[in-house]
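Notes to accompany the following structure.
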Amino acid sequence: MQIKKAIAYQGRFPRNDKELSLVADIVDIEPGNKYLIVDLYSDRNHIYRMIMCNDGYIHYDYTDNKTDRKSDWNNPYRAVISEAYISKRDAMIIKQYAEDMGIDKPYRKRAKDYIDSIEDYIERKKIGTQDLRKEAEMQNLFKMVPSIPEKLLDAIEMHADRCNLIYYKRHGNYADYKCCQCGQKYTLRNSDSEGFEPVKIYPVPRDGEDFTCIKCGKSARLKPLGRAKTTHQEFNTVLYQTAADETLIARIFYTDVTRDEFVSWRIATSEKLRMFLFLGKIRIYYHGYSNNWYPVRELDYNSISTLTMVGEEDIKNSCLRYMPYKLYTLLNQGGDSYTAINMHKLIAIESYARCTQLETLYKNGFEGMCRQILWHKGRTREIKKSEVELHRILKITKEQLAWLRQAPKQGFSQLKMIQFADSKKIAIKDYGMLSELWGSYGGEGERLEKALKYQSLQKLYNFISKNSKDYFESMDSTLREYVDYLKEREAGGYDMTNSVYIRPKHLHQTYMQLREETERKRDETYLSKMADKYPEIAVRSQKIPARYTWENDGLMIRPAKDAIEIVMEGRILHHCVGSDSQRYMDNYNKGKAWIMVLRKKEFPNIPYITIELQCNTIVQWYGKNDTKPDRKIIEAFLKKYIEHIKPNRTKKTA
């Protein structure tokens, strides 16, 4: 479809003075393929073009110079097109084009309905062509499939043997047996006989014990006949085969083994999936209930409960022969059972087929990247799959690769960090500082973008390092709050060229004060409303005995002064004490419980810990974001506090 030529076509100008007009034309844009071009005009201005041909359709919006394929109800100009005036000549052009394509007349026979019918016909034709192409590809691939080997049937029978049952029923000195494997029934003696002829004595059968069938020689688990019921043993087997052109084929067979007390076991095996693995692509086909094969995008591993493996040696003869054998060990979910191991091997094979660069990454020690690629079954845009050299695969320079090799971690997070450094023209010698600021999960790009807007990397690193002591030495947490602080400053209209605002002396204390100031400005009405709704809090706080205000070990505790202080406490610390929908302010207002605030003595006005006190008992206490910072210190302080506020019950004697 020649889209550019169709858009560049001059077209015809409407000859009427209508507000909305449609003009149609049939054009030979390319030999043997006639194009229907329908133009929409508004006040004689060209605003929209619809282009249709045998190969497809497309629309062009002249208002924003963008193309789209939105048809029928999804078209943004649908209502306008329906209302637009169209001459008989133009309507006949659209109708004739539809009839030439063999399209049935639409129900309402309007120009808009003919256009929708043409686009629908083209879309269905396109889908049909794709389906035919996929069907032809599937048939060609299926011709490559080798026949089923005997080793598959042997492996299925061997796995089925593991769950064999022998039913028994004791009566006197004898026991009747029925083997579900061979279907034979027999009776054996299980106690001594007083007869003259010696008789072989078998152990008394017991539920769950192992026993070997005397007819077929298969071992099985004993089960009382009184508990006999039909059982089903279900499992899957993956068979690896190599086609003549070295394509690796993974075929998954589903097996259902039925056992009961009447006949021998019945094994039903059917093929449920075929996976054709090439270098760089995969084709997967599923066998449906209608006995038809159809393509699927990926294998649903959750539907595979038990998996055995046959023909693993064929991988060495296929196009995937260079896949690292131990690649599957990077996946550790599911444990070390044979099913988990076989599943991991299949995932590794599928991933390697889609991304052969796994070999280079694995051999160079980038196991973290390999693991992430395996998690996504080989689908990734983080690396360049068309390259061979390692630094080109990772889309970095050799110097950057040298730094990445010696970095503590070598995952995609560090790769994104290098790409971010490139965008900011940060030298390799500064990657160490950037790495500490980047964090563990690689989500720091936007935060660093904001922080580096106002300062150099060195100044930012020094500032974050200095303030990290207030954030449990976490550079990541410090940077997060610092960026929030900068956003608050920007929203408040502060002068962002002032270094005092950019790098405050005490980040956390300044941010808390800024938050408090911002919150007060943001919702004075709400604070006033809460103060009016809970007026008794301020009155009760003045009547609380003086012993409830206490200092010890650099900490101080006192009752919350009023509803406004409680609301601000909750907002600044990001917990629910100040929420009107909770019970805390209402209980305080009614005298059922008190809200106490705990502060550091050196920062008495900065919220730190909030406490609910009821009958001289700590109901709960929380800090920022419903956490319990410095837990041991706070709990020790509160224990002393409870002892302090308890009334002295001992009476003095004369």
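The values are calculated or read from the model by the stated rules, or taken from the named source; none is laboratory data. Since this is a predicted model, take the numbers as computed values, not measurements. Here the Cβ is made from the backbone with ideal geometry for all residues, glycine too, and neighbour counts use every protein chain on show. In case anyone asks, the SASA skips ligands and DNA or RNA and just uses the protein heavy atoms, side chains included. Shrake-Rupley method; radii C 1.70, N 1.55, O 1.52, S 1.80 Å.
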Sorted largest first, the C-alpha extents of the chain along its principal axes in whole angstrom are 113, 104, 59
For residue 70 and residue 133, extending 7 Å from Cα along the Cα-Cβ vector and measuring point to point gives, in nm, a value of 2.7 nm
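How much accessible area per residue does the chain have, in Å², with a 1.4 Å probe?
Details: 36140 Å² over 654 residues.
Each residue of the chain exposes 55 Å² on average to a 1.4 Å probe.
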The ³J(HN,Hα) series, computed from each phi in the stretch 17-25 with the Karplus coefficients 6.51, -1.76 and 1.60 at θ = phi - 60°, rounded to the nearest Hz and given as x for glycine or proline, is 10, 6, 5, 10, 9, 10, 10, 10, 7
So the FRET efficiency between residue 300 and residue 517, C-beta based with R0 = 45 Å and rounded to 0.05, is 0.25
Check: C-alpha center the stretch 1-76 vs C-alpha center the stretch 203-269, spacing in Å is 66 Å
Quick P(r) readout (the stretch 181-280; Cα-Cα; 5 Å bins; whole %) gives 2, 9, 13, 16, 11, 10, 9, 8, 7, 5, 4, 2, 2, 1, 0, 0
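Taking a threshold of 27 Å on the Cα-Cα distance, which of the pairs 543/628; 377/453; 561/639; 416/505 fall above it?
Long pairs (Cα-Cα over 27 Å): 543/628; 377/453; 416/505.
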Once normalised by the length of the chain, the mean sequence separation of its alpha carbon contacts under 8 Å that are 6 or more apart gives a contact order in percent of 5 percent
If each part is reduced to its alpha-carbon centroid, the stretch 132-176 and the stretch 608-647 end up apart, in Å, by 65 Å
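Just from its helices, what would the mean residue ellipticity at 222 nm be for the chain, if runs of 4 or more DSSP H residues each count -39500 (n - 2.57) and the sum is divided by every residue, rounded to the nearest 500 deg cm²/dmol?
Numbers: 22 runs with 240 residues, N = 654.
Per the formula, -11000 deg cm²/dmol.
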Lone Cys, the chain, Cβ cut-off 4.7 Å -> 53, 163, 180, 319, 355, 370, 576, 615
If unit charges are put on Cβ atoms (+1 for Lys and Arg, -1 for Asp and Glu) and the dipole of the chain is taken about its Cα centre, the option from 11, 258, 1 lying farthest towards the positive end turns out to be 258
Filtered pair list for the stretch 208-342 (Lys only, Cα < 28 Å, 8 or more apart or interchain) has a length of 10
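Is there a quick way to get the dipole size of the chain? I mean about its Cα centre, with the Cβ of Lys and Arg at +1 and of Asp and Glu at -1; what is the value in debye to the nearest 20? Mind showing how you got there, number by number?
Numbers: 109 positive and 90 negative charges, 325 e Å.
Here the chain has a charge dipole of around 1560 debye.
Could you look at the chain and say what percent of its accessible area is carbon and sulfur, using a 1.4 Å probe and all protein chains?
Details: 17440 of 36140 Å².
Summing carbon and sulfur atoms, their accessible area is 48 percent of the total for the chain.
Nearest 0.05, what FRET efficiency do residue 143 and residue 15 give at R0 = 56 Å with Cβ-Cβ as r? Let's see the in-between values first.
Values: r = 61 Å, r/R0 = 1.08.
Step by step, r from the Cβ atoms, then E = 0.40.
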Long-range amide H partners of residue 308, meaning residues 5 or more apart or on another chain whose placed amide H is closer than 5 Å, are 236, 237, 238
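Given charges of +1 on the Cβ of Lys and Arg and -1 on the Cβ of Asp and Glu, with all other atoms neutral, how large is the dipole of the stretch 11-79 about its Cα centre, in debye to the nearest 20?
The calculation lands at about 100 debye.
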Computed ³J(HN,Hα) along the stretch 418-425: with the Karplus parameters 6.51/-1.76/1.60, θ = phi - 60°, integer Hz and x for glycine or proline, the list is 5, 5, 5, 4, 4, 5, 9, 6
Sorted by chain and then number, the residues having a modelled amide H within less than 5 Å of the amide H of residue 278, at least 5 places away or on another chain, are 283
If each part is reduced to its alpha-carbon centroid, the stretch 467-502 and the stretch 515-541 end up apart, in Å, by 27 Å
Sequence order, the stretch 517-533: Karplus ³J(HN,Hα) from phi using 6.51 cos²θ - 1.76 cosθ + 1.60, θ = phi - 60°, Hz rounded, Gly and Pro as x, gives 5, 5, 5, 5, 5, 5, 9, 5, 5, 5, 5, 5, 5, 5, 5, 6, 6
If amide H atoms are modeled at 1.01 Å from N in the peptide plane, then the residues at a separation of 5 or more from residue 455, or on another chain, having amide H under 5 Å from its own are none
